[in-house]
Amino acid sequence: MKGKLIVFEGIEGAGKTTQMQRLIHWLQSSCFLKVRLVATREPGGTELGKGLRHLLLKQDPEELVSDRAELFMYAADRAQHVETFLKPELSKGTIVLCDRFTDSTIAYQGYGRNLNLNLIKQLNEIATGGLQSDLTLWLDINVEAGLARVKSRGECDRIEQADLKFHKRVQQGFAELAESNKSRIVRINGDRNEDEVAQEIQTIVSRKLEAWGYSNNPNAEK
Ligand code: Z5A
(Lines give C-alpha, C1' and ligand atoms only; values in the text may rest on other atoms or scores of the structure.)
Protein backbone atom coordinates (compact mmCIF):
# COMPACT_ATOMS: atom_id res chain seq x y z
CA MET A 1 0.00 0.00 0.00
CA LYS A 2 1.43 3.38 -0.92
CA GLY A 3 -1.12 5.61 0.86
CA LYS A 4 -1.85 6.07 4.55
CA LEU A 5 -4.98 5.36 6.57
CA ILE A 6 -5.68 7.78 9.44
CA VAL A 7 -8.67 6.83 11.61
CA PHE A 8 -10.65 8.85 14.15
CA GLU A 9 -12.15 6.87 17.04
CA GLY A 10 -14.08 7.59 20.23
CA ILE A 11 -17.46 7.44 21.87
CA GLU A 12 -20.44 9.47 20.65
CA GLY A 13 -19.96 13.21 20.88
CA ALA A 14 -16.17 12.89 21.20
CA GLY A 15 -15.74 15.34 18.31
CA LYS A 16 -14.52 12.94 15.60
CA THR A 17 -16.55 14.45 12.76
CA THR A 18 -15.70 18.01 13.81
CA GLN A 19 -11.97 17.27 14.10
CA MET A 20 -11.80 15.24 10.90
CA GLN A 21 -13.27 18.18 8.95
CA ARG A 22 -10.84 20.58 10.62
CA LEU A 23 -7.88 18.32 9.78
CA ILE A 24 -8.95 18.09 6.13
CA HIS A 25 -9.15 21.87 5.85
CA TRP A 26 -5.79 22.26 7.57
CA LEU A 27 -4.10 19.66 5.37
CA GLN A 28 -5.60 21.18 2.23
CA SER A 29 -4.44 24.66 3.19
CA SER A 30 -0.99 23.56 4.40
CA CYS A 31 1.88 22.73 2.12
CA PHE A 32 1.87 19.08 3.12
CA LEU A 33 -0.29 17.47 0.64
CA LYS A 34 0.61 17.22 -2.93
CA VAL A 35 -1.11 13.84 -2.79
CA ARG A 36 -4.79 12.98 -3.03
CA LEU A 37 -6.73 13.26 0.25
CA VAL A 38 -10.17 11.71 0.86
CA ALA A 39 -12.54 11.43 3.82
CA THR A 40 -14.81 8.48 4.52
CA ARG A 41 -16.58 6.75 7.38
CA GLU A 42 -17.88 3.49 8.82
CA PRO A 43 -20.59 2.53 8.66
CA GLY A 44 -21.65 4.13 5.38
CA GLY A 45 -18.55 4.66 3.23
CA THR A 46 -20.05 2.88 0.19
CA GLU A 47 -23.53 2.66 -1.39
CA LEU A 48 -24.07 -0.74 0.24
CA GLY A 49 -22.75 0.73 3.49
CA LYS A 50 -25.22 3.63 3.36
CA GLY A 51 -28.06 1.12 3.31
CA LEU A 52 -26.52 -0.85 6.16
CA ARG A 53 -25.97 2.35 8.16
CA HIS A 54 -29.63 3.24 7.81
CA LEU A 55 -30.67 -0.24 8.98
CA LEU A 56 -28.18 -0.17 11.88
CA LEU A 57 -29.08 3.23 13.30
CA LYS A 58 -32.83 3.49 12.75
CA GLN A 59 -35.26 2.85 15.59
CA ASP A 60 -37.70 0.02 14.88
CA PRO A 61 -39.83 -0.87 17.89
CA GLU A 62 -41.29 -3.79 15.89
CA GLU A 63 -38.01 -5.66 15.52
CA LEU A 64 -34.87 -5.17 17.62
CA VAL A 65 -31.54 -5.84 15.86
CA SER A 66 -29.85 -8.74 17.67
CA ASP A 67 -26.28 -8.20 18.90
CA ARG A 68 -24.83 -10.82 16.55
CA ALA A 69 -26.79 -9.50 13.55
CA GLU A 70 -25.43 -6.04 14.38
CA LEU A 71 -21.86 -7.40 14.48
CA PHE A 72 -22.20 -9.04 11.06
CA MET A 73 -23.72 -5.89 9.54
CA TYR A 74 -20.73 -3.81 10.68
CA ALA A 75 -18.44 -6.51 9.28
CA ALA A 76 -20.30 -6.51 5.94
CA ASP A 77 -20.08 -2.73 5.76
CA ARG A 78 -16.32 -2.93 6.43
CA ALA A 79 -15.64 -5.72 3.93
CA GLN A 80 -17.31 -3.70 1.17
CA HIS A 81 -15.59 -0.49 2.24
CA VAL A 82 -12.12 -2.06 2.34
CA GLU A 83 -12.48 -3.91 -0.96
CA THR A 84 -14.15 -1.24 -3.08
CA PHE A 85 -12.88 1.99 -1.55
CA LEU A 86 -10.02 1.83 0.97
CA LYS A 87 -7.69 -0.59 -0.81
CA PRO A 88 -8.06 1.05 -4.25
CA GLU A 89 -7.47 4.52 -2.75
CA LEU A 90 -4.49 3.42 -0.65
CA SER A 91 -2.92 1.60 -3.59
CA LYS A 92 -3.08 4.87 -5.56
CA GLY A 93 -1.16 6.62 -2.79
CA THR A 94 -4.11 8.49 -1.28
CA ILE A 95 -4.15 9.72 2.31
CA VAL A 96 -7.48 8.44 3.65
CA LEU A 97 -9.15 9.94 6.73
CA CYS A 98 -11.75 7.55 8.14
CA ASP A 99 -14.37 8.22 10.84
CA ARG A 100 -14.30 4.89 12.77
CA PHE A 101 -12.77 1.52 11.77
CA THR A 102 -11.98 -1.86 13.39
CA ASP A 103 -11.44 -0.55 16.93
CA SER A 104 -15.08 0.63 17.05
CA THR A 105 -16.25 -2.96 16.58
CA ILE A 106 -14.03 -4.17 19.40
CA ALA A 107 -15.18 -1.33 21.67
CA TYR A 108 -18.93 -1.37 20.84
CA GLN A 109 -19.70 -4.99 19.98
CA GLY A 110 -16.95 -6.50 22.16
CA TYR A 111 -16.85 -4.37 25.29
CA GLY A 112 -20.28 -2.73 24.87
CA ARG A 113 -22.36 -5.77 23.82
CA ASN A 114 -20.09 -8.34 25.50
CA LEU A 115 -19.65 -10.40 22.33
CA ASN A 116 -16.60 -12.66 22.10
CA LEU A 117 -13.48 -10.59 21.48
CA ASN A 118 -11.64 -13.36 19.63
CA LEU A 119 -14.58 -13.80 17.26
CA ILE A 120 -14.62 -10.03 16.62
CA LYS A 121 -10.89 -9.96 15.94
CA GLN A 122 -11.31 -12.81 13.44
CA LEU A 123 -14.22 -11.01 11.76
CA ASN A 124 -12.19 -7.80 11.57
CA GLU A 125 -9.37 -9.79 9.96
CA ILE A 126 -11.74 -11.33 7.40
CA ALA A 127 -13.44 -8.00 6.65
CA THR A 128 -10.19 -6.05 6.25
CA GLY A 129 -7.99 -8.74 4.71
CA GLY A 130 -5.43 -7.60 7.30
CA LEU A 131 -5.61 -3.88 6.54
CA GLN A 132 -4.85 -1.78 9.64
CA SER A 133 -4.78 1.93 10.24
CA ASP A 134 -1.40 3.64 10.03
CA LEU A 135 -2.50 6.05 12.76
CA THR A 136 -5.61 6.08 14.95
CA LEU A 137 -6.53 9.26 16.81
CA TRP A 138 -8.63 8.29 19.84
CA LEU A 139 -10.58 11.28 21.12
CA ASP A 140 -10.96 10.45 24.78
CA ILE A 141 -13.82 12.32 26.40
CA ASN A 142 -15.82 11.95 29.59
CA VAL A 143 -18.82 9.72 28.75
CA GLU A 144 -21.46 11.98 30.29
CA ALA A 145 -20.00 15.02 28.50
CA GLY A 146 -20.04 13.21 25.13
CA LEU A 147 -23.64 12.09 25.55
CA ALA A 148 -24.67 15.61 26.64
CA ARG A 149 -23.14 17.01 23.43
CA VAL A 150 -25.08 14.48 21.37
CA LYS A 151 -28.36 15.05 23.23
CA SER A 152 -28.09 18.81 22.77
CA ARG A 153 -28.25 18.13 19.00
CA GLY A 154 -31.78 16.68 19.33
CA GLU A 155 -33.04 13.19 18.53
CA CYS A 156 -30.77 10.23 19.45
CA ASP A 157 -30.29 7.14 17.26
CA ARG A 158 -30.60 3.51 18.40
CA ILE A 159 -27.08 3.16 19.75
CA GLU A 160 -26.96 6.62 21.33
CA GLN A 161 -30.03 5.63 23.36
CA ALA A 162 -28.26 2.68 24.99
CA ASP A 163 -27.75 3.08 28.74
CA LEU A 164 -24.84 4.81 30.43
CA LYS A 165 -23.20 1.53 31.52
CA PHE A 166 -23.02 0.45 27.87
CA HIS A 167 -21.23 3.65 26.88
CA LYS A 168 -18.84 3.32 29.83
CA ARG A 169 -17.92 -0.21 28.73
CA VAL A 170 -17.29 1.12 25.21
CA GLN A 171 -15.04 3.83 26.66
CA GLN A 172 -13.16 1.17 28.64
CA GLY A 173 -12.72 -0.77 25.40
CA PHE A 174 -11.08 2.19 23.68
CA ALA A 175 -8.85 2.77 26.73
CA GLU A 176 -7.63 -0.85 26.73
CA LEU A 177 -7.08 -0.83 22.97
CA ALA A 178 -4.98 2.32 23.26
CA GLU A 179 -2.97 0.79 26.09
CA SER A 180 -2.14 -2.33 24.08
CA ASN A 181 -1.53 -0.63 20.69
CA LYS A 182 0.64 2.30 21.68
CA SER A 183 2.44 2.63 18.36
CA ARG A 184 -0.80 2.78 16.35
CA ILE A 185 -3.32 4.52 18.65
CA VAL A 186 -2.69 8.00 20.05
CA ARG A 187 -4.89 9.28 22.89
CA ILE A 188 -6.08 12.84 22.61
CA ASN A 189 -7.86 14.59 25.45
CA GLY A 190 -11.20 15.49 23.83
CA ASP A 191 -12.51 17.32 26.90
CA ARG A 192 -11.09 20.62 25.68
CA ASN A 193 -12.26 23.29 23.31
CA GLU A 194 -12.23 22.55 19.58
CA ASP A 195 -9.21 24.73 18.84
CA GLU A 196 -6.98 23.08 21.44
CA VAL A 197 -7.92 19.60 20.22
CA ALA A 198 -7.39 20.59 16.57
CA GLN A 199 -3.97 22.05 17.40
CA GLU A 200 -2.78 18.82 19.04
CA ILE A 201 -4.08 16.73 16.13
CA GLN A 202 -2.24 18.93 13.63
CA THR A 203 0.99 18.52 15.59
CA ILE A 204 0.64 14.72 15.76
CA VAL A 205 -0.34 14.33 12.12
CA SER A 206 2.34 16.66 10.78
CA ARG A 207 5.01 14.72 12.72
CA LYS A 208 3.66 11.44 11.36
CA LEU A 209 3.55 12.74 7.79
CA GLU A 210 7.16 13.84 8.07
CA ALA A 211 8.13 10.44 9.51
CA TRP A 212 6.35 8.77 6.59
CA GLY A 213 8.35 10.85 4.13
CA TYR A 214 5.82 13.54 3.19
CA SER A 215 7.42 16.93 3.05
CA ASN A 216 5.83 20.25 3.98
CA ASN A 217 8.09 21.97 1.54
CA PRO A 218 5.72 23.68 -0.94
CA ASN A 219 8.07 22.83 -3.83
CA ALA A 220 8.42 19.15 -2.94
CA GLU A 221 6.59 16.51 -4.98
CA LYS A 222 5.52 13.24 -3.39
N1 Z5A B 1 -20.50 1.53 15.50
C2 Z5A B 1 -20.44 0.28 16.09
O3 Z5A B 1 -21.19 -0.02 17.03
N4 Z5A B 1 -19.54 -0.63 15.61
C5 Z5A B 1 -18.72 -0.35 14.57
O6 Z5A B 1 -17.92 -1.22 14.16
C7 Z5A B 1 -18.79 0.95 13.98
C8 Z5A B 1 -19.69 1.86 14.46
C9 Z5A B 1 -17.89 1.29 12.81
C10 Z5A B 1 -22.47 5.39 14.13
O11 Z5A B 1 -21.23 6.00 14.19
C12 Z5A B 1 -22.64 4.39 15.26
O13 Z5A B 1 -22.12 3.11 14.87
C14 Z5A B 1 -21.90 4.77 16.51
C15 Z5A B 1 -20.98 3.59 16.83
C16 Z5A B 1 -21.52 2.49 15.98
N17 Z5A B 1 -22.78 4.88 17.60
N18 Z5A B 1 -23.73 5.60 17.67
N19 Z5A B 1 -24.63 6.20 17.79
P20 Z5A B 1 -21.05 7.57 13.88
O21 Z5A B 1 -19.59 7.82 13.95
O22 Z5A B 1 -21.69 7.92 12.64
O23 Z5A B 1 -21.86 8.27 15.06
P24 Z5A B 1 -21.35 8.95 16.33
O25 Z5A B 1 -20.09 8.49 16.90
O26 Z5A B 1 -22.53 8.83 17.19
O27 Z5A B 1 -21.06 10.44 15.81
P28 Z5A B 1 -21.30 11.70 16.64
O29 Z5A B 1 -22.29 11.55 17.72
O30 Z5A B 1 -21.58 12.78 15.64
O31 Z5A B 1 -19.92 11.95 17.39
P32 Z5A B 1 -18.62 12.68 16.90
O33 Z5A B 1 -18.51 12.62 15.39
O34 Z5A B 1 -17.52 12.15 17.66
O35 Z5A B 1 -18.85 14.17 17.35
P36 Z5A B 1 -19.13 15.53 16.48
O37 Z5A B 1 -20.31 15.30 15.52
O38 Z5A B 1 -17.91 16.07 15.94
O39 Z5A B 1 -19.59 16.45 17.68
C40 Z5A B 1 -20.76 16.18 18.41
C41 Z5A B 1 -21.32 17.54 18.95
O42 Z5A B 1 -20.38 18.10 19.87
C43 Z5A B 1 -21.54 18.60 17.86
O44 Z5A B 1 -22.65 19.36 18.20
C45 Z5A B 1 -20.26 19.43 17.94
O46 Z5A B 1 -20.47 20.76 17.53
C47 Z5A B 1 -19.93 19.37 19.42
N48 Z5A B 1 -18.49 19.42 19.69
C49 Z5A B 1 -17.49 18.82 18.98
N50 Z5A B 1 -16.29 19.09 19.53
C51 Z5A B 1 -16.54 19.84 20.65
C52 Z5A B 1 -15.70 20.42 21.66
N53 Z5A B 1 -14.35 20.24 21.66
N54 Z5A B 1 -16.28 21.10 22.65
C55 Z5A B 1 -17.64 21.25 22.69
N56 Z5A B 1 -18.50 20.76 21.75
C57 Z5A B 1 -17.95 20.05 20.74
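The values are calculated or read from the model by the stated rules, or taken from the named source; none is laboratory data. Just so it is clear, the structure is predicted and the values come from calculations on it, not from any experiment. Every residue, glycine among them, receives a Cβ derived from its backbone with ideal geometry; neighbour counts consider all protein chains shown. Each accessible area value is taken on the protein alone, full model and side chains, heavy atoms only, with ligands, DNA and RNA left out. Shrake-Rupley method; radii C 1.70, N 1.55, O 1.52, S 1.80 Å.
Annotation: aspartates and glutamates with alpha-carbon distance below 14 angstrom to Lys58 (same-chain offsets under eight excluded): Glu70, Glu155, Asp157, Glu160.
Mind checking the dipole of the chain: about its Cα centre, +1 per Lys or Arg Cβ, -1 per Asp or Glu Cβ, Debye to the nearest 20? Provide the component values of the computation, followed by the final result.
Numbers: 31 positive and 31 negative charges, 131 e Å.
Computed about the Cα centre, the dipole is about 620 debye.
Ligands, DNA and RNA left out, the accessible area of region 32-95 computed with a 1.4 Å probe is 53% carbon and sulfur. Here's the list of lysines a cross-link from Lys34 could span, going by alpha-carbon distance under 22 Å and ignoring same-chain residues fewer than 8 apart: Lys2, Lys4, Lys87, Lys92, Lys208, Lys222. In region 93-114, which residues have a backbone nitrogen under 15 Å from the label point lying 7 Å from Arg149's Cα in the Cα-to-Cβ direction? 99-100, by backbone N distance to the label point. On a per residue basis, the chain carries 50 Å² of accessible surface, using protein heavy atoms and a 1.4 Å probe. Return one number: the angle in degrees, 0 to 90 and rounded to the nearest 10, between the long axis of the Cα atoms of helix 67-81 and the longest principal axis of the Cα atoms of the chain. Around 20 degrees separate the two axes.
Derived scalar couplings between HN and Hα for region 40-45 equal 8, 7, 10, x, x, x Hz in order, rounded to whole Hz, by the Karplus curve 6.51 cos²θ - 1.76 cosθ + 1.60 (θ = phi - 60°), x for Gly and Pro.
If you look at the Cα atoms of the chain, you get an Rg and a Dmax of 17.2, 59 Å.
Simple spin-label estimate for Gln59 and Asn189 gives 3.6 nm between the two label positions (7 Å along the Cα-to-Cβ direction from each Cα).
Extension gain, Lys208-Lys2: 0.36 nm per intervening residue step, less the Cα-Cα distance, totals 72.7 nm.
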